[in-house]
Amino acid sequence: MPLASVFTTSYNKGEITLDAITSVLDQSFGDFEYWILENSDDAGTLGTREILAPLAASDPRIRYEEIDLTPEQRCTVYPPAMLLNQYYPKANGDYIFVLADDDVFDSHCVEDCVTLMESDPDIWCVWFTCLIGALYPGGVYRYERQIQAVTDVGLGTFMPEVVDRVDGGQVAHRRACLDHLDPPWYTEEHTPAVARHSDGLWLNRLAAQWRFHAIDKPLMTHRRTMLSLWDKP
């Protein structure tokens, strides 16, 4: 069984998603499985599935799922929350990571997080510094700011609530966290105003029970693009 599980929900971002996937496959730590939950509806435009499917077939670490959602479903659920609720319990690794389809991991992200959690059985969650910027046409990236992991947050700290302070992809946690929480695992998926903030609500659920141990290294880059904002029809 792999030691870690990484999840990406993919929606209509074509080559941008390929950057995210490549950053996972290029990790210095190789003992992981990578769940790509592809739910694009962009056939004939960006062609996301045509880009991702051959890559997924070429790497045995990838567990590639193509999910077709109807327009009615997209009006009533927030797909990332729905898919992570469904697939988180299927993780085979001891540690769970999630990477948005327009973000990228540093090459040592999985290794550094797993090493810290493996070193101490009392460390259930870690968070790490995240760079934030904008990705422009032609692949030009402009750095804007960072969310810096300089101190522990969560349970037993001065900052027990982390929503709006920590980005969803900045946290890795033990799969065993799921055994201590009631479903839905990620967050409610049928209330649009709530589900749009699913990553922050999920982190608050974790932070209510566990301390997030800080790794003050930029292990992820959050890239805003013209395709990053997602709205229901």
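The values are calculated or read from the model by the stated rules, or taken from the named source; none is laboratory data. Just so it is clear, the structure is predicted and the values come from calculations on it, not from any experiment. All Cβ positions, glycine included, derive from the backbone under ideal geometry; neighbour counts span all protein chains shown.
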- prompt: Looking at the range 130-137, is at least one residue at pLDDT 95 or above and touching a Leu at 6+ places or on another chain (Cβ under 6 Å)?
  reply: no
query: Is it the case that some residue within the range 19-35 is modelled with pLDDT under 95, more than 25 Å from Asp122 (Cα to Cα) and among the polar types (S, T, N, Q)?
result: no
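Scan the range 47-69 and give yes if some residue there is closer than 25 Å to Thr129 by Cα, modelled with pLDDT of 95 or more and either assigned to a loop (DSSP other than H, G, I, E, B) or not charged (D, E, K, R) (or both), otherwise no.
no
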- prompt: In the range 157-177, which residues are out of contact with any Ser or Thr (no Cβ under 8 Å at 6 or more places or on another chain), at pLDDT 95 or above, of a type outside the set (A, V, I, L, M) and farther than 22 Å from Asp106 by Cα?
  reply: Cys177
query: Here is a list of conditions, (1) outside any helix (DSSP H, G or I); (2) modelled with pLDDT of 90 or more; (3) surrounded by 21 or more Cβ atoms within 10 Å (Cβ to Cβ), and Lys13 meets all of them except one; can you say which number that is?
result: (2)
- request: Consider Asp106 carefully, then state whether it is on the phi < 0 side of the Ramachandran plot and either under 15 Å from the mean Cα position of the chain (by Cα) or in contact (Cβ under 8 Å) with a residue 40 or more places away in the chain (or both).
  value: yes
message: For the structure I just gave you, tell me whether Gly138 is of a type in the set (Gly, Ala, Ser) and touching a residue at least 60 places away in the same chain (Cβ under 8 Å).
response: no
- prompt: Which residues, counting only those in the range 146-191, are among the small types (Gly, Ala, Ser), surrounded by fewer than 16 Cβ atoms within 10 Å (Cβ to Cβ) and outside any loop (DSSP other than H, G, I, E, B)?
  reply: Ala176
statement: Residues in the range 23-46 that are in a loop (DSSP other than H, G, I, E, B), surrounded by 18 or more Cβ atoms within 10 Å (Cβ to Cβ) and touching a Pro at 6+ places or on another chain (Cβ under 7 Å) total 1
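Within the range 103-129, track down each residue that is in a loop (DSSP other than H, G, I, E, B) and either surrounded by fewer than 19 Cβ atoms within 10 Å (Cβ to Cβ) or touching a Phe, Trp or Tyr at 6+ places or on another chain (Cβ under 8 Å) (or both).
Correct list: Ser107, His108, Asp120, Pro121, Asp122, Ile123, Trp124.
For the range 58-80, name all the residues that are touching a residue at least 60 places away in the same chain (Cβ under 8 Å), over 12 Å from Phe7 (Cβ atoms) and either surrounded by 13 or more Cβ atoms within 10 Å (Cβ to Cβ) or in contact with a Gly (Cβ under 9 Å, 6 or more places away or on another chain) (or both).
Arg74, Thr76, Val77, Tyr78, Pro79
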- request: Among the residues of the range 70-114, write down those that are out of contact with any Lys or Arg (no Cβ under 9 Å at 6 or more places or on another chain), of a type in the set (Asp, Glu) and modelled with pLDDT of 95 or more.
  value: Glu111
